[in-house]
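Chemist: Next up is a structure, given as structure tokens.
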Amino acid sequence: MYKKINKFEKINKYMNFKKISLILFLLITISSVFASQDSLGIFRQNDEARLIQVCSDATYINISSITLPNSTASRTNIEMSYSGSGEYFYIFNDTSQLGPYRVQGISDGCDKTYSYKFLITKTGTVPTLSQMLLVISIILVILMFLVGGIYGMSSTYEKTWFVFYISISYVALFVLSYLMWYLTDFYFAEFIALNGILYMLWLVLAYGFFPFEAFISLWLLVSMMNEMDVKRKMKMGYTKDEAVALFRKNTHK
């Protein structure tokens, strides 16, 4: 029996390690893929974005279209302004949507056509590797509490400990859902479906938090009063089993 449990724990630890590695890989990939693309950079939500294109032998450069993150066209057929030294620019101010924007255009010089992206985030930044590692570390700690709470619920037969583990699991899930939603909302807002799911999960847990804690507090109060009644009967000379049996008999009358 011990060997089977030990083998199961090893498999579980290995699977958890693979999941953690996958999450880390995905986060690093998401931030690096955008950087590796032909990108103008990152701008903050609702700030002006200065779109530029450089071509020394062009007499004009036009923007054919600017596509928003929701795939709709915000601007079409825009003549860019010349600022000197082969640089053309356009001030774009429709940056309320979060996510990647695509700019496509034409000119009579260089490669004739061009295309690049720029990213709009709430902060005007994307997380660095150290920031992602910090967030992942916090998430892993919370996951440990969550897993511990779930394991405790499945392995204990004491009602008080069972309720304690439920509370730990609920609070851990509440904090975890908020952190994940916060992370996606600020840095990966283009994942609209994931952002919405995490927000709804956090919202449901937030609305249920105080009723849940009120129920747990009431249950613990009643349990304490019942335990005090059992102890009073034990002081009267009853054994613990007799005191519990008498208490149950009185409560079921």
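Table: residues versus (1) within 21 Å of M180 (Cβ to Cβ); (2) touching a Phe, Trp or Tyr at 6+ places or on another chain (Cβ under 8 Å); (3) touching a residue at least 40 places away in the same chain (Cβ under 8 Å).
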| residue | (1), (2), (3) |
| --- | --- |
| S56 | no, no, yes |
| G105 | no, yes, yes |
| Y114 | no, no, yes |
| L129 | yes, no, yes |
| V135 | yes, no, yes |
| S154 | no, no, no |
| W161 | no, no, no |
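Chemist: Can you tell me which residue in region 37-67 is farthest from G105 (Cα to Cα), limited to those that are among the small types (G, A, S) and crowded, with 16+ Cβ neighbours inside 10 Å?
Modeler: The selected residue is A49.
Chemist: Which residue pairs have Cβ atoms under 7 Å apart, sit 6 or more places apart or on different chains, and have a first residue in region 68-79 that is surrounded by 10 or more Cβ atoms within 10 Å (Cβ to Cβ) and a second that is modelled with pLDDT under 90 and of a type in the set (A, V, I, L, M)?
Modeler: Pairs that qualify, where the first residue is surrounded by 10 or more Cβ atoms within 10 Å (Cβ to Cβ) and the partner is modelled with pLDDT under 90 and of a type in the set (A, V, I, L, M), are P69/L98.
Chemist: I've got another one for you. Search region 188-201 for residues being of a type in the set (F, W, Y) and under 10 Å from the mean Cα position of the chain (by Cα), and hand back the single one that is modelled with the highest pLDDT.
Modeler: If we take residues in region 188-201 being of a type in the set (F, W, Y) and under 10 Å from the mean Cα position of the chain (by Cα), then Y199 is modelled with the highest pLDDT.
Chemist: Being small (G, A, S), under 30 Å from N46 (Cβ atoms) and assigned by TED's automatic domain parsing to the domain that holds A193 narrows it down to one of S177, S107, so name that one.
Modeler: Going through S177, S107 in turn, the sole match is S177.
Chemist: Before we move on, is I120 in contact (Cβ under 8 Å) with a residue 24 or more places away in the chain, assigned to a strand (DSSP E or B) and under 19 Å from the mean Cα position of the chain (by Cα)?
Modeler: In short, yes.
Chemist: Looking at (1) within 13 Å of the chain's Cα centre (by Cα); (2) at pLDDT 75 or above; (3) aliphatic (A, V, I, L, M); (4) under 30 Å from N70 (Cβ atoms), which is the one condition that is false for V204?
Modeler: If we test V204 against (1) within 13 Å of the chain's Cα centre (by Cα); (2) at pLDDT 75 or above; (3) aliphatic (A, V, I, L, M); (4) under 30 Å from N70 (Cβ atoms), just (1) comes out false.
The values are calculated or read from the model by the stated rules, or taken from the named source; none is laboratory data. No experiment lies behind these values; they were computed from the predicted model shown. Methodologically, a virtual Cβ is constructed for each residue, glycine included, from the backbone with ideal geometry; neighbour enumeration extends over all protein chains shown.
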